[in-house]
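Asker: Before anything else, here's the structure in question.
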Amino acid sequence: MKKRNKKKRKKGGLLLLLAIGLISYFYLSTSPSIKQEAKPITQEEKQEEVFSPLVLVNEEFALPDNFNAKIVEYQTVYLSNVLVEELEEMQKKARQEGIELTINNAYRSREQQESILENKIQEYTKKGLTFEEAYEKATEIVQLPGHSEHETGLAIDFSEYGNYAQNKKIWNWLKDNAHHYGFILRYPKDKEEITKIHYEAWHYRYVGKEAAQIIYQENLCLEEYLQQYSF
Ligand SMILES: [Zn+2]
């Protein structure tokens, strides 16, 4: 009795599979767009994904489309998994010294960057500027989509808002200690001409401990480091 039931189930399962197969075949062969979407990623395409904590993203260089930062959730934000351990250590050490490293911004998708730029442009056009004027002004402070370091998942804004005096203490701590954990002050005051970005005391970038030590000790910015040390 049991055996027969099993056989029946097996037969039913086979029929169901056949039906699904026929339906999908019919559906895929008559619908080119779905056929394209359903195409599996080949091994070759997977291998094309790139990642480096030293990726250069600035006005000149956009983040490659195949960059895969492996984004994870961390506290209230999302960021690359490569820096989590060192970030945790850094926050712990800071806390022991009475400094709370609050994260305001980290990973942003390209779409989020687009909408930030759009909102900024809108803000200016509402104030009476033409679209061209508004665009020009907005792109002075907001990076073009693809050109923001936040899209790498490797950039963090610490304590950007709130009490200035309090934040200054936090930024000073970071300036002296972040390199021990693989982070650099990405837009220093004396490198504005190279980075093309105004000094941002709150914006830190993960590059790994080795590069961070050299960048800190030799007072370089990432552009200079990559030029001098790229092999
Ligand atoms: Zn930032």
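Asker: Would you please name the trypsin sites (Lys or Arg not before Pro) within segment 51-96 that are DSSP coil residues with at most 12 other C-beta atoms within 10 Å of their C-beta?
Answerer: On the way: sites: 70, 92, 93, 95; in loops: 70.
Answer by residue number: 70.
Asker: Can you give the local net charge around residue 108? Use residues other than it whose beta-carbon is closer than 11 angstrom to its beta-carbon, Lys and Arg +1, Asp and Glu -1.
Answerer: That works out to -4.
Asker: Follow-up. Suppose the chain between residue 165 and residue 72 were pulled fully straight at 0.36 nm per residue; how much longer would it get relative to their current alpha carbon spacing?
Answerer: Taking 0.36 nm per residue and subtracting the Cα distance, the gain is 30.3 nm.
Asker: How about segment 129-179: which GluC sites (Glu not before Pro) there lie in a loop by DSSP and see at most 11 other Cβ atoms within 10 Å?
Answerer: none
Asker: Given 0.36 nm per residue, what is the gain on full extension from residue 118 to residue 52 after removing their alpha carbon distance, in nm?
Answerer: Full extension from residue 118 to residue 52 adds 20.8 nm.
Asker: Loop only per DSSP, at most 11 neighbouring Cβ atoms within 10 Å: give me the chymotrypsin sites (Phe, Trp or Tyr not before Pro) in segment 51-137, ordered by residue number.
Answerer: Within segment 51-137, no chymotrypsin sites (Phe, Trp or Tyr not before Pro) qualify (loop, at most 11 other Cβ atoms within 10 Å).
Asker: Taking 0.36 nm per intervening residue step and subtracting the Cα-Cα distance, what contour gain separates residue 144 from residue 175 on full extension?
Answerer: The span from residue 144 to residue 175 would gain 8.5 nm if fully extended.
Read-outs: derived from the displayed coordinates by stated rules, not from any lab. Just so we're clear, the structure is a prediction, and the values are computed from it rather than from any experiment. FYI the Cβ positions are ideal-geometry reconstructions off the backbone, even for glycines, and counts take in every protein chain you see.
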